[in-house]
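Here the structure comes first, spelled out in structure tokens, and everything after it is commentary.
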Amino acid sequence: VVRRRRADGVDVEFGLGPDGRLLSAAAVGVGNAVAKDITLATVLVGRGATPDADALADPGVPLRALLRAT
């Protein structure tokens, strides 16, 4: 599990498989920003993405940038 602490205090947790593939994402929070993070994570899961765990944990790295890397 990789945890990303957003600036608003919300934690987004990403589940990675043993091969580094993103398998899941979960968060609880108010507002569209959390929903956008989960939507982007869902696309990454669908693509079978293997994002860098450090980048995934870093709130300074936009999830959209990880989409472009896949």
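The values are calculated or read from the model by the stated rules, or taken from the named source; none is laboratory data. Everything quoted here is computed from the prediction, not taken from an experiment. Methodologically, a virtual Cβ is constructed for each residue, glycine included, from the backbone with ideal geometry; neighbour enumeration extends over all protein chains shown. Side chains included, ligands, DNA and RNA excluded: accessible areas come from the protein's heavy atoms. Shrake-Rupley method; radii C 1.70, N 1.55, O 1.52, S 1.80 Å.
Would you mind checking the tilt of helix 32-46 against the longest principal axis of the Cα atoms of the chain, expressed as 0 to 90 degrees and rounded to 10? Here the helix axis deviates by roughly 10 degrees.
Here the accessible area of the chain is 53 percent carbon and sulfur, with a 1.4 angstrom probe and all protein chains present. Springs between alpha-carbon atoms under 10 Å, Gaussian network over the chain: tell me which of 33, 25, 41 tops the mean-square fluctuations. Residue with maximal mean-square fluctuation among 33, 25, 41: 33.
In this Cβ point-charge picture (+1 for Lys and Arg, -1 for Asp and Glu), the chain has a dipole of about 200 debye about its Cα centre. Working from the Cα coordinates of the chain, the gyration tensor eigenvalues give, after taking √(5λ), semi-axes of 18, 12, 11 Å in decreasing order. Annotation: amide H of residue 49 within the under-5 Å range of 22, sequence separation 5 or more or interchain, hydrogens built in the peptide plane.
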